[in-house]
């Protein structure tokens, strides 16, 4: 008869490595680290059993693996922060476009002022698209 004592429990690091390498395609340490918003060295050290980590970091790794296993890899904390910053910058740039309303500055291609206003509006709109990540 096999008892629980006969089967040694996996350490958290061994469990992480087993879960990570069981994914198809295999997920690298760097990808897991990015999703958990930790360094690749932390994942490597954890899997080798050379470092202890906090429960908070364990939870982040567990959550990232669970998302990967479910096929729904949500964005990492750093990706979320970047997306929010991009949205704010885009919104601020779009406000600058309003400084040149068509009602006050008609885009008359036949005058230097009209061409300048059209170019300015185009530049602000392009900058806003780039800030949102649409023109990469």
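Here are the numbers for this structure:
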quantity	calculated
Taking 126, 97, 24 and counting other C-beta atoms within 10 Å, the order from fewest to most	24, 126, 97
Residue order, fewest to most surrounding Cβ atoms within 10 angstrom, among 84, 27, 89	84, 89, 27
Residues 132, 115 arranged by fewest to most Cβ contacts within 10 Å	115, 132
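Every number in this text was worked out from the coordinates using simple rules, so none of it is lab data. Since we're looking at a predicted model, the values are computed, not measured. We place every Cβ from the backbone using ideal geometry, glycine too, and count neighbours over all the protein chains shown.
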